[in-house]
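S.K.: I have a structure I would like to understand better, so I am pasting it below and will then ask my questions one at a time.
The values are calculated or read from the model by the stated rules, or taken from the named source; none is laboratory data. Just so it is clear, the model here is predicted, and its values are computed rather than measured. No Cβ is skipped: glycine too gets one built from the backbone with ideal geometry, and neighbour counts run over all protein chains shown.
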Amino acid sequence: MSIHLSEAVFGYDEKKILDKVSLRVNTREHIGILGASGIGKSTLLKLLAGLYEVQSGICEVAGEREPVKIRKKVAMVMQTPGLFPLSIRDNITCGHPMSEDKIRDALRAAQLEEWVASLPDGVDSIVAERSGNISGGQAQRIAIARAIAKDAQVILLDEPTSALDEETARAVMKTLEYLTQGKTVVHVTHRPETLFGYDRILELKEGKLVARESEKYI
Amino acid sequence: MLESLRNIFKHLGGGFLYAFLLILRTPVDTLLCIINALFLKGVFEAMEQGTPEALARCCICFVAANGFVFLYNGILWGEFAVFSARMVGKLRLKFLDALQGLPLGRIEAMTDGVWITRGNADVKMTWDLLSGALNIPHFVFAIFRIAVASVIMYCISPLFLVIELAVIVPHVFLRHRYVVKPAEQLIQKAQKETEQTAVVASSLLAGGDTVRIFEAEGMLEDYYTESSLNIVRTRLKISVRKAWGEFMQLLLGRGGYLLLFLLGCEMVRRGGMNFGSLTAVLQYRGAMVAASMMLMNSLVEIKKNSVGMKRMEEVFDDKQ
Amino acid sequence: MKQIGRLFQYRKMLVAVTLLCTAGAVFATLLWNRELALIIDTVQQEKVFPVENIWKSIIYLLLGAVMQGGMSFGGACAGEYATHDMRMQYAEIMLKCPYEKVASENVGEYISGLQNEMEDINRYVSEQLFNMISMVISFVFTLIYLMYQNRQLTLLYLLPVVFLTVYTTVSSKVIYGYTVAEQKEMEKINAVLGTILQLVPVIRVYEAEKLLRDQYTGHIGAWQEASVKQERVKARLMSLSGVLSCVPLALLLGIGGSMVLRGELSMGTLYIFVNLSGNVSGVMINCSAHMAGFRRFCGNLNRVWTVMAGKEV
């Protein structure tokens, strides 16, 4: 069992966003979670990422229940890449010791190797999302390379392609396939077509997770 | 820059009135300096001659003369305010008209933010250049004050003028070469580093989720510490320059003062002049030093604001 | 005071050195002026050139210059390192703050907003704080020195300065009111221009150029009115202030001159009164502006410490 959520409750003040939500995800299982905007999909994902702590119930990810320990077991790719205004290397290593080969492998898997090689400072080039020196697709690929390099057991995806145009989104999806191979994946989105080939699809409705037939969306 | 000024006034009109008002305003500072010098001269001469009536007359005349000059200045200030408001209004409307005359493609070639800066900040910079403190008016006032003070000092004793110039010229040169110019570049560097630190700090907040999932706290803290220390290092370099500036100002400023003072005392001792005249000389010297500093600071501001005027001119002359 | 003490808690040595330099610079100035007074009196009375006083004045001049430079650099060092310490505490808070709180919009925005306050604090500390301290030290010691030289003349000179201080405080408040009104009108103009720029395509399609130009002209007219009003009030109040500010000097030289004539005061001493009086009156006349800046600084510091203490996060 990779993820075990039991009777999990989470909310702000009086408002419950997740109300006794239960979920079991097996190791290497890919599940998709659908739901309208603002329903709490991202909150659920952040709970699974160890960013939030359940107010009651159980949240166990890769055998860990403590949020700080959960974070060590997961990698996450979000709608916005969340790049640091530092070099590509720093964005991938996040300051942890990492071999050159591992960085290169991550860049290759994220289809960034050629582009990075063409930069004057290569992997040490500074990236700044807002300055416009890289495109949205490249930024998202760096975020994916970072997740690949972390080599976590559980991959959490929060609408990673929704801010991209169709063509770029398709290319990014390919790199996501590499990232998610052989991993436990939870992908939240409001676009069912991005969940092609997933093992199970659930829907978040009024604070509860409801099972859906995956075929319906394929 | 003169070409740009002429061009701006060609678009707006009012160039002659501006020059006329500037000429009327120019002698105010110098008059105040002369009144002060004459007052000190008169008072100390009255003391030397032992005439209390002359002393009282000097004090009354000093207050009255100041009252007259400030009345003149107040009236002129009011008139200039009306002229200034009218010109800023014209400048803004002219900008709007120029903008509305541009093809859409030309407008969209730059972001709204850039146009808003041109329409607001550049208008302000242009008018600051023409009327603000430490800009063209103060530049003109400073030159006038230096010229008048030099002539008066020369008339009192050419030696005083030579000594004063021998101190002021290197002072101005050294200050510009070793303080103002390097500090200007360092200030820009410090600004960039401050922005960089702010960006790293923002990513600690905005990218809080990524930071925690990928455990990037240590890396960002190191970067933040380093960029904060970079700010400290650059600003300390500026401080070293400023400290040199202060040291030089005191050394050369007071040194020049002391030289004139001692020379004057020797002349007083020999009976070549009275102490009253010496106090007046020291007042003119003070006026020259202050005007030289004003001149230098005005040059820096004029350079800064003329960039805004140049951009304004580009919009006005855009015929595309 | 406690807040400022906290800001410099790790930089006490630098602050102490700066304060020593400040005091040294003030003393050097006072001693330099004393030597000038002695030179004047000797030349006037004995008609000899006092070589010893000249050497002393040169030494005090050099000492003053070194101390002034030291004060400037020491103050900047203390200020820069103290604000670096504050920035690091800020980073620590952000890193230790639970994600739930950082993610909450209000807290995130508030912490982010603190950066501007820290920048203001940094600017004030490195550019103004030690200058202000230096002015206060200079004010106190100069006043004591002048009182020691001639208490009666000092008090008579300061009487109109007190009146002038009240006048400056009141008039700057009046001017501030007009300045705020003028700035509000200017902000309106800026906002209208922003709107026009965003709507350029719509304006062109519907030929609304004239409509918006008229609206813009109306706002400019309102600003012009506010600006002229502000400048005229400023011109009146500040011209009067200019006239009034020459009264203390006239009184100083009038009364001091009479004392010299009666033999109660030497000409040299009166001359240094003229030289040093600005150190006292300048601080008094501008104290309202200095206090306003200092209060803003304390307010910023208070907000930053409150957040860092976790009281608001």
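S.K.: Restricting attention to the stretch C:155-171, which residues are touching a residue at least 24 places away in the same chain (Cβ under 8 Å) and either closer than 17 Å to C:THR269 by Cβ or among the small types (Gly, Ala, Ser) (or both)?
M.R.: Within the stretch C:155-171, C:LEU156, C:TYR157, C:LEU158, C:SER171 meet the criteria.
S.K.: Residues that are surrounded by 16 or more Cβ atoms within 10 Å (Cβ to Cβ) and not acidic (Asp, Glu), at least 3 per element: which helices (runs of 4 or more DSSP H) completely within the stretch A:80-174 meet that? Walk me through how you get there before you give the answer.
M.R.: On the way: elements: A:88-93, A:100-109, A:113-118, A:136-150.
In the stretch A:80-174, A:88-93, A:100-109, A:136-150 are the helices (runs of 4 or more DSSP H) which contain 3 or more residues that are surrounded by 16 or more Cβ atoms within 10 Å (Cβ to Cβ) and not acidic (Asp, Glu).
S.K.: Mind listing whichever residues of the stretch A:1-25 are part of a loop (DSSP other than H, G, I, E, B) and modelled with pLDDT of 90 or more?
M.R.: Start the filter on the stretch A:1-25 by keeping residues that are part of a loop (DSSP other than H, G, I, E, B), which leaves A:1-2, A:13-14.
Across the stretch A:1-25, there are no qualifying residues.
S.K.: Just to verify a result, which residue in the stretch B:248-257, among those that are within 7 Å of another protein chain (Cβ to nearest Cβ) and surrounded by 20 or more Cβ atoms within 10 Å (Cβ to Cβ), is nearest to B:TYR178 (Cα to Cα)?
M.R.: From the stretch B:248-257, those within 7 Å of another protein chain (Cβ to nearest Cβ) are B:250-251, B:254-255; that's our starting set.
Checking the rest, the ones that are also surrounded by 20 or more Cβ atoms within 10 Å (Cβ to Cβ) come to B:250, B:254.
Working: B:LEU250: 15, B:ARG254: 19 Å.
Among residues in the stretch B:248-257 that are within 7 Å of another protein chain (Cβ to nearest Cβ) and surrounded by 20 or more Cβ atoms within 10 Å (Cβ to Cβ), the one nearest to B:TYR178 (Cα to Cα) is B:LEU250.
Table: residues versus (1) of a type in the set (Phe, Trp, Tyr); (2) surrounded by 20 or more Cβ atoms within 10 Å (Cβ to Cβ); (3) more than 27 Å from the chain's Cα centre (by Cα); (4) within 17 Å of B:GLY286 (Cβ to Cβ).
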{"position": "B:GLY13", "(1), (2), (3), (4)": "no, no, no, no"}
{"position": "B:LEU17", "(1), (2), (3), (4)": "no, no, no, no"}
{"position": "B:THR26", "(1), (2), (3), (4)": "no, no, no, no"}
{"position": "B:LEU31", "(1), (2), (3), (4)": "no, no, no, yes"}
{"position": "B:ILE34", "(1), (2), (3), (4)": "no, yes, no, yes"}
{"position": "B:GLY42", "(1), (2), (3), (4)": "no, yes, yes, no"}
{"position": "B:ALA46", "(1), (2), (3), (4)": "no, yes, yes, no"}
{"position": "B:PHE62", "(1), (2), (3), (4)": "yes, yes, yes, yes"}
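S.K.: Return yes when B:VAL211 is in a helix (DSSP H, G or I), within 10 Å of chain A (Cβ to nearest Cβ), surrounded by 14 or more Cβ atoms within 10 Å (Cβ to Cβ) and out of contact with any helix residue (DSSP H, G or I) (no Cβ under 8 Å at 6 or more places or on another chain) and no when it is not. Let's see the steps before the verdict.
M.R.: Working: in a helix (DSSP H, G or I): yes; within 10 Å of chain A (Cβ to nearest Cβ): yes; surrounded by 14 or more Cβ atoms within 10 Å (Cβ to Cβ): yes; out of contact with any helix residue (DSSP H, G or I) (no Cβ under 8 Å at 6 or more places or on another chain): no.
Against the criterion (in a helix (DSSP H, G or I), within 10 Å of chain A (Cβ to nearest Cβ), surrounded by 14 or more Cβ atoms within 10 Å (Cβ to Cβ) and out of contact with any helix residue (DSSP H, G or I) (no Cβ under 8 Å at 6 or more places or on another chain)), B:VAL211 does not qualify.
S.K.: Let me ask you something else. With (1) under 25 Å from B:LEU229 (Cα atoms); (2) at pLDDT 90 or above; (3) in contact with a helix residue (DSSP H, G or I) (Cβ under 6 Å, 6 or more places away or on another chain) as the list, and C:TYR81 as the residue in question, which single condition is left unmet?
M.R.: Going through the list (1) under 25 Å from B:LEU229 (Cα atoms); (2) at pLDDT 90 or above; (3) in contact with a helix residue (DSSP H, G or I) (Cβ under 6 Å, 6 or more places away or on another chain), C:TYR81 breaks only (3).
S.K.: Determine which member of the set B:ALA54, B:ALA46, B:ALA121, B:ALA64 is in contact with a Cys (Cβ under 8 Å, 6 or more places away or on another chain) and either within 19 Å of C:GLU187 (Cα to Cα) or among the aliphatic types (A, V, I, L, M) (or both). Let's see the steps before the verdict.
M.R.: Working: B:ALA54 fails: in contact with a Cys (Cβ under 8 Å, 6 or more places away or on another chain); B:ALA121 fails: in contact with a Cys (Cβ under 8 Å, 6 or more places away or on another chain); B:ALA64 fails: in contact with a Cys (Cβ under 8 Å, 6 or more places away or on another chain).
Answer to the check: B:ALA46.
S.K.: Among the residues of the stretch B:117-135, write down those that are more than 15 Å from B:LYS310 (Cα to Cα), hydrophobic (A, V, I, L, M, F, W, C) and crowded, with 18+ Cβ neighbours inside 10 Å.
M.R.: We begin by selecting, within the stretch B:117-135, every residue more than 15 Å from B:LYS310 (Cα to Cα); these are B:131-135.
Now drop any that are not hydrophobic (A, V, I, L, M, F, W, C), which leaves B:133-134.
Listed by number, the list holds a single entry, B:LEU134.
S.K.: Kindly establish whether B:ALA280 is surrounded by 21 or more Cβ atoms within 10 Å (Cβ to Cβ) and either farther than 27 Å from B:PHE44 by Cβ or in contact with a Pro (Cβ under 8 Å, 6 or more places away or on another chain) (or both).
M.R.: On the way: surrounded by 21 or more Cβ atoms within 10 Å (Cβ to Cβ): yes; either farther than 27 Å from B:PHE44 by Cβ or in contact with a Pro (Cβ under 8 Å, 6 or more places away or on another chain) (or both): no.
In short, no.
S.K.: Here's a follow-up. So if I check each of A:ILE148, A:ILE144, which one is in contact with a Ser or Thr (Cβ under 6 Å, 6 or more places away or on another chain) and modelled with pLDDT of 90 or more?
M.R.: On the way: A:ILE148 fails: in contact with a Ser or Thr (Cβ under 6 Å, 6 or more places away or on another chain).
Answer to the selection: A:ILE144.
S.K.: Scan the stretch A:1-57 for residues that are among the aromatic types (Phe, Trp, Tyr) and within 18 Å of A:LYS69 (Cβ to Cβ) and jot them down. I'd like the intermediate steps shown before the answer.
M.R.: Just the residues of the stretch A:1-57 that are among the aromatic types (Phe, Trp, Tyr), to begin with: A:10, A:12, A:52.
Within the stretch A:1-57, A:TYR52 is the sole residue that qualifies.
S.K.: Also, I was wondering about something else. Being part of a helix (DSSP H, G or I) and in contact (Cβ under 8 Å) with a residue 40 or more places away in the chain, is that true of even one residue in the stretch C:211-224?
M.R.: Taking the stretch C:211-224 first, the residues part of a helix (DSSP H, G or I) are C:211-224.
Restricting the remaining residues to those that are in contact (Cβ under 8 Å) with a residue 40 or more places away in the chain gives C:223.
Yes; the residues of the stretch C:211-224 include at least one that is part of a helix (DSSP H, G or I) and in contact (Cβ under 8 Å) with a residue 40 or more places away in the chain.
S.K.: Here's another thing I want to ask about it. Scan the stretch B:256-267 residue by residue and report those that are out of contact with any Asp or Glu (no Cβ under 8 Å at 6 or more places or on another chain) and either outside the structural domain of B:VAL167 (by TED's automatic domain parsing) or closer than 17 Å to C:VAL274 by Cβ (or both).
M.R.: B:TYR257, B:LEU258, B:PHE261, B:GLY264, B:CYS265
S.K.: Another question, then. Could you identify the single residue in B:ARG285, B:ARG233 that is modelled with pLDDT of 90 or more, crowded, with 19+ Cβ neighbours inside 10 Å and not aliphatic (A, V, I, L, M)? Steps first, answer last, please.
M.R.: Values: B:ARG233 fails: crowded, with 19+ Cβ neighbours inside 10 Å.
Just a single option satisfies the conditions, and that option is B:ARG285.
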